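The values are calculated or read from the model by the stated rules, or taken from the named source; none is laboratory data. Computed from a prediction, not measured in an experiment: that's the story for all the values here. Quick reminder, even Gly has a Cβ in these numbers, built from the backbone with ideal geometry, and neighbours come from all protein chains shown.
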Amino acid sequence: MLLGLLVVVAVLVACLWLLKRISAPRGGARGLRVLGATPVGQRERVVLVEVADKVLVLGVAPGRVNTLHTLDPSQLPGLQAPAGPTPETGGFAGRLKQMMEARKHG
């Protein structure tokens, strides 16, 4: 009975690993950065996205994404990406990085 339980657990672990591998996004969003977003309805929003050397103004709704306008980054002076927790300001990622660096050096 213990052997059967171990086989079932092993099959579950293998299925979860396979599911994770299949559902992982391929290639990622390199070179893509969301600069900001604002809601304009219950489920609609306008999003600024920087791609390569252009800034796209996108209208996003359930099941649809439309390009509303294309800008050069020089037309938006002072626009920065939203600030998230950095290693200097704390947060889980910062604490993890500090701990890993401390482990490397000491």
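What to note about this one:
Per-residue answers, yes or no, for (1) surrounded by 10 or more Cβ atoms within 10 Å (Cβ to Cβ); (2) at positive phi; (3) assigned to a strand (DSSP E or B):
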position: L3; (1), (2), (3): no, no, no
position: W17; (1), (2), (3): yes, no, no
position: K20; (1), (2), (3): no, no, no
position: R33; (1), (2), (3): yes, no, yes
position: V57; (1), (2), (3): yes, no, yes
position: H69; (1), (2), (3): yes, no, yes
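- Criterion: surrounded by fewer than 10 Cβ atoms within 10 Å (Cβ to Cβ) and modelled with pLDDT under 85 - qualifying residue of A29, A24: A24
- Of all residues in the range 71-87, those being surrounded by 10 or more Cβ atoms within 10 Å (Cβ to Cβ) and either under 13 Å from G36 (Cα atoms) or modelled with pLDDT of 75 or more (or both) number 5.
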